[in-house]
Structure formats: structure tokens, C-alpha cells
Amino acid sequence: MFLSLAVILPEKGESVESWSVDKRFKDNGDKTITDTKTGLMWMKEDSYLHSGHWVNWFKSIQFIKQMNKEGFANEYDWRLPTIDQLTTLYEIDKMNSKVLGKGMNIHIDPIFAKEGSGSIWSIDENG
């Protein structure tokens, strides 16, 4: 999961956004999700779904640099989240999907893309 601190509002003629059932998360229609509780913007797909393969921590930094270079979702300040920011996504009562090839569940809002890797990197070194 990656996040950007800016919130983007769609311009006229762009995709119509959709909302999570509880109205906490807004799908911006540009492969990003805005958390109205924290104000953070997240990529809808993790790096596995975006690139088709798992990445280690160093590759995740390269992936983010590439997203910033390309201006993913018209944003140029993508970064790895902190552990505290990641924990805001966890919701015990929600189920997104089962992780590919694993027997564990992902407890985040189903508005995020399904069947991600389940591996999450943080900018924090120890957590």
C-alpha cells in the first residue's frame, strides 16, 4: 500500500467516484482511494496488483519513485506509509478478500482492490 498526502477532486468529465458502504472511503475513479477519516489518499491496488509481482522493501522504494516520476493519479508525492497510518486501514469487521495462495484474510474495506499480496511495507524501520 502506498499513499499520497494530497486529495484530488475530479474535474468535470472525469470518472464518477464511488463510496464505501459506511462512507468512510471514497474511490476517486483514478485508481486511488481517499480516507475521509484520516485525509490520506491510498493507491487502490497494491504493488502486486499494479505490477504483477511481489516486491521487497528496496523494490517498493523504486516502485514509488517510478509512480512519482509518472505522476500516478496526477500526484507526485507518493511514499510508503508509517505503521500508524497503516493501522488505520485495519477494520476487524470488514473483509476485503483472501490473500492469493494463503489462508489468511485481509481486514480492510472492500472498496480496495481484491486479491492483493497481503504484504505491506512501511517507511518505519522497526515496527
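Just so you know, all these numbers are worked out from the coordinates, no wet-lab data involved. A quick note: this is a predicted structure, and the numbers were derived from the prediction, not measured. Note: ideal-geometry Cβ built from the backbone for every residue, glycine included; neighbour counts use all protein chains shown.
So the values come out like this:
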item	result
Ranked packing of 82-93, 28-39, 45-56, most packed first, by mean Cβ within 10 Å	28-39, 45-56, 82-93
Chain lengthening between residue 79 and residue 125 when straightened (0.36 nm per residue, less Cα-Cα)	15.1 nm
FRET efficiency, residue 57 to residue 88 (Cβ-Cβ, R0 22 Å, nearest 0.05)	0.60
Potential extension, residue 18-residue 66 segment - 0.36 nm per residue separation minus Cα distance	14.6 nm
Gain in span if fully extended, residue 36 to residue 107, counting 0.36 nm per residue against the direct Cα distance	23.8 nm
